[in-house]
Structures are given as C-alpha cells and as structure tokens.
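The values are calculated or read from the model by the stated rules, or taken from the named source; none is laboratory data. Because the structure is a prediction, the values reported are computed rather than measured. Positions of Cβ are backbone-derived with ideal geometry, glycine not excepted, and every protein chain shown enters the neighbour counts. For the accessible areas, the whole protein counts, side chains as well, though only heavy atoms, and no ligand, DNA or RNA atoms are used. Shrake-Rupley method; radii C 1.70, N 1.55, O 1.52, S 1.80 Å.
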Amino acid sequence: MQYRQLGNTGLSVSVIGLGGEWLERHNAEEVKAVVDACRAYGVNILDCFMSEPGVRSNLGNAIRGEREKWIIEGHIGAVWQDGRYVRTRNVEEAKVAFADLLERFHTDYVDLGMIHFVDREDDWQAVLEGGLMDYVVELKKSGAVRHVGLSTHSPGIARKAVEHGVVEVLLFSINPGYDLLPSEENVGLSDENAPLLRGMDAERAELYRLCAERGVGINVMKCFGGGRLLDAARSPFGVALTPVQCIHYCLTRPAVGSVMIGFDSAEQVPDSMAYLTADEEEKDYAATLAASPRETYYGHCTYCGHCQPCPVGMDIAMVNKLLDLATAQTAVPATVREHYAALEVKASACLGCGKCETRCPFHVRVTERMKTAATLFGA
C-alpha cells in the first residue's frame, strides 16, 4: 500500500480507502469479509456516513480489537429516524446519532468528524448559524473528534468551507466526468499543476489549488461515478475506464489523500488494489479519453442515497440502478426483473412530490425516471 499525508492533519492515509455505503445491504459476515480484504492490502481509513444501526454495528465489530489501525471518518448530521436515513442540522439529533456511532464502533473518538452532506448555500448557513459547526468544534476540543471535516459535492460550498478556516478535510466527489470541460473550453493555467488541470472546470481546479495551499486534505468519493465510468454504455464519455485509471485520475488531483471505494463484495477489492502494482500505461486515463466526447455528468444518478427519505419508503437509488441496468441492454435481463420484483416499494408508488430532487447533488429528474421505471417494469 502507498500512504499520503492528509493535508495538515498529520494523518498518514492509505491512497485507497474503504467507503461503506454499499455495505448497508450486507450481513455481518459479508461486511467483515470486505473489511478484512481491505486490511490485508494495507487499507487504514474507512468512511461511515450511513446512519443505519446494522451497518454501523457490522463495521464496528469488523474492526474491533484493531481500532488503532484504522482512521475512522464518521459523519455528523446523518441520523436514523423511523427506520430510515435522514439528514439533520438539529444539534440534539446529531448528538444522539454521534453517540450511537461511537458506541457501535467501540471507540470514544473518530479521527475525522465530517459535517454531513452540505451542498447548498442555505444549508451551509444553517450549519454555521444553527449550532452544528459549534458542536463539532466542541467535539474536537473534547477529543471525541480529532479533525473537523465536511462532505460536499459542490465546489462552491467546498471553497466556503476551506476559507472558513475550521474545516481540515473535505470528502468531495471527484472523477473525470465531474471535472473535465469540453475540449474547446480548455482552461489556461500557468502554475506547476497546469499539466494536471488543463481542460478542467475552473471552479474545481481553483478548489484543488486552494486546498493544497492551505493544507486542507481531500478524500474522494464517487471515483467510479456509481459504476458508470466503468461501463461504456453508461459512461458520459462513451468509453469505459478501468478502476485503476479512475483511481489514478483522482490521485493526480492536488491535495487528495485517499480515494474511498465503495466495495459491494470482497471479490471486488483486488480490482481496485491492482492500482498498487499497475504500470504507467495501465494508469493512463488520458489516452482513453482523448478521442471521446466530453459531456456533463450532471443528471445521472450515482446511487448515493442522498435523495432519501422518500415519503412512501421507496429505495430510489436501487430503482435508478435497476433502471440503468435494464436500459443499458436491448432486452431487460431476467435477473434485473427479479431484483425489481423483490423491491418492497415499486416505482409506481412515486407521488411525484419532487422532494428527492431538491436533495439530489446531481440534479437527477427522479420523478421522470420513476415513471419510466414503472412503465418498463410494469409496476
């Protein structure tokens, strides 16, 4: 494993980390298998944004007895209410959820206390003015949080967090689909990072530079874009990248410490760990993208779950995933139909309220997609 200093935190993080979001659908044995597989490669950082009690317990039990070997990135503001994930800015609710996280991880601190999922200006102001930022600062003073972080998909909010001065680490969505502009809009840059940043969205390029200047570390989410970048049929570029190429892209951005990969099974771990022994040709993403049309990534679901909670209890991310799998082929595979049939709440139950769309970081037209899914699957 390769390790990097994470900004000015003093923490040395593995360049590939474990993002836990896919583990919510797995039992304790399967979660432990993923954790053990990662640890065998030298992974030393894991992210737990999930508030679901079962996955917290499964992860906590999987690392029990080895707490000192793991850097835990735990989120503050993700809570479990009425059997579902909810994002909150209520300090009292956040306190209960954070205490639950510590208990289930069998620890009295997290290394990185991440203010959870702030993508809008009004939400950023709510964090500052409603007491949540003050609460996290107090957690740092008490030692329950060693370093203050924030997760966001918005470069504008990320910059505000960096300039605020308290945030030491960002959990930020990075991949070529988010970063790159159409070739005719290449950005002229003159500093030493220019070869890495040319062709990037100027706001994102400036964010990476600012983080490097101020010693704010970046851990990466959405490296594979919810798997889209690995599939030519679904990639915004029309070509498939490999896990190695995607990881290398992220690790060549300024200030990046670790790329957090959401493994769905232990069998997937070696595909990403191949980065550690890959040669330059295998890492080269530029050659693959050079002849491809560069399109915006926005409007495409990455199955992150931030659209929840749904008032009818639908697993929106899973419906979107099955819809994408179904429409990527000329005929809907029987296995996809079976998975859809097993869903407790089908797309036809969608109320069209649009609340999910206000939460979506990528501006997905969820209600339209639910209508499409209901028609395609007949329910």
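Considering (1) closer than 18 Å to residue 151 by Cβ; (2) not in a helix (DSSP H, G or I), the lone condition that residue 56 does not fulfil carries the number (2). Considering (1) open to solvent by less than 20 Å² (accessible area, probe 1.4 Å); (2) in a loop (DSSP other than H, G, I, E, B), the lone condition that residue 64 does not fulfil carries the number (1). Being out of contact with any Phe, Trp or Tyr (no Cβ under 7 Å at 6 or more places or on another chain) and either under 19 Å from residue 179 (Cβ atoms) or surrounded by fewer than 18 Cβ atoms within 10 Å (Cβ to Cβ) (or both) is the filter here; which residues of the stretch 154-167 pass it? If the condition is that a residue be out of contact with any Phe, Trp or Tyr (no Cβ under 7 Å at 6 or more places or on another chain) and either under 19 Å from residue 179 (Cβ atoms) or surrounded by fewer than 18 Cβ atoms within 10 Å (Cβ to Cβ) (or both), then 154, 155, 156, 159, 161, 162, 163, 164, 165, 166 are the ones that fit. In this structure, residue 253 does not qualify as basic (Lys, Arg), over 23 Å from residue 159 (Cα atoms) and either open to solvent by less than 20 Å² (accessible area, probe 1.4 Å) or in contact with an Asp or Glu (Cβ under 6 Å, 6 or more places away or on another chain) (or both).
Would you check which residues across the stretch 354-375 are within 17 Å of residue 311 (Cβ to Cβ) and outside any helix (DSSP H, G or I) and list them? Those that are within 17 Å of residue 311 (Cβ to Cβ) and outside any helix (DSSP H, G or I): 354, 360.
Across the stretch 89-110, the number of residues qualifying as in a loop (DSSP other than H, G, I, E, B) and of a type in the set (D, E, K, R) comes to 2.
Each residue in the stretch 13-45 was checked for being in a strand (DSSP E or B) and open to solvent by 50 Å² or more (accessible area, probe 1.4 Å), and 0 pass. Here's a check for you: in the stretch 340-368, which residue that is touching a helix residue (DSSP H, G or I) at 6+ places or on another chain (Cβ under 8 Å) and either within 20 Å of residue 231 (Cα to Cα) or of a type in the set (Phe, Trp, Tyr) (or both) is surrounded by the most Cβ atoms within 10 Å (Cβ to Cβ)? Looking at the filtered set, the residue picked out is 340.
Residue-wise test of (1) surrounded by fewer than 24 Cβ atoms within 10 Å (Cβ to Cβ); (2) at pLDDT 90 or above; (3) over 20 Å from the mean Cα position of the chain (by Cα).
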residue	(1), (2), (3)
216	no, yes, no
225	no, no, no
232	yes, no, yes
239	yes, no, yes
244	yes, yes, no
247	no, yes, no
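Among the conditions (1) modelled with pLDDT under 95; (2) of a type outside the set (A, V, I, L, M); (3) closer than 30 Å to residue 107 by Cβ, residue 124 misses just one, which is (1). Of the residues making up the stretch 106-130, just one is open to solvent by less than 20 Å² (accessible area, probe 1.4 Å) and on the phi > 0 side of the Ramachandran plot, namely 117.
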